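Enquirer: Below you'll find the structure I mean.
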Amino acid sequence: MQEFTLRADDTGTIELVCEREDKEAPAPWVRSFAGRDEFGLLVDDLTPGDQVLLFVNDTTSEE
């Protein structure tokens with residue numbers, strides 16, 4: 001497992017967008033969980049070993 005530090009944008013939002021290699025596969029099932037200090041997404045019904053590309057807005061770069 002890799003660890004990344006993300007920062008919410010000016011609206012307080014973090015957007016995570018994933019794109020999978022197999023564009024013909026049926027849509028996966030997405031679940032979420034939230035606690036006091038942690039939250040996350042779980043994605044089911046992917047093919048074992050399915051490769052997913054994660055896109056995240058870079059809010060740390062200086063403009």
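Enquirer: In region 11-34, which residue that is assigned to a loop (DSSP other than H, G, I, E, B) and of a type in the set (A, V, I, L, M) is nearest to PRO48 (Cα to Cα)?
Expert: Checking each candidate, the answer is ALA25.
Enquirer: Please name all residue pairs, on different chains or six or more residues apart, with Cβ atoms under 9 Å, provided the first residue is in region 7-22 and is among the basic types (Lys, Arg) and the second residue is modelled with pLDDT of 90 or more and outside any loop (DSSP other than H, G, I, E, B).
Expert: Within 9 Å, the pairs are ARG20/VAL52; ARG20/LEU53.
Enquirer: Based on this model, can you work out whether THR60 counts as modelled with pLDDT of 90 or more, of a type in the set (Ser, Thr, Tyr) and outside any strand (DSSP E or B)?
Expert: no
The values are calculated or read from the model by the stated rules, or taken from the named source; none is laboratory data. Just so it is clear, the model here is predicted, and its values are computed rather than measured. Every residue, glycine as well, gets a Cβ built from its backbone with ideal geometry; the counts of neighbours run over all protein chains shown.
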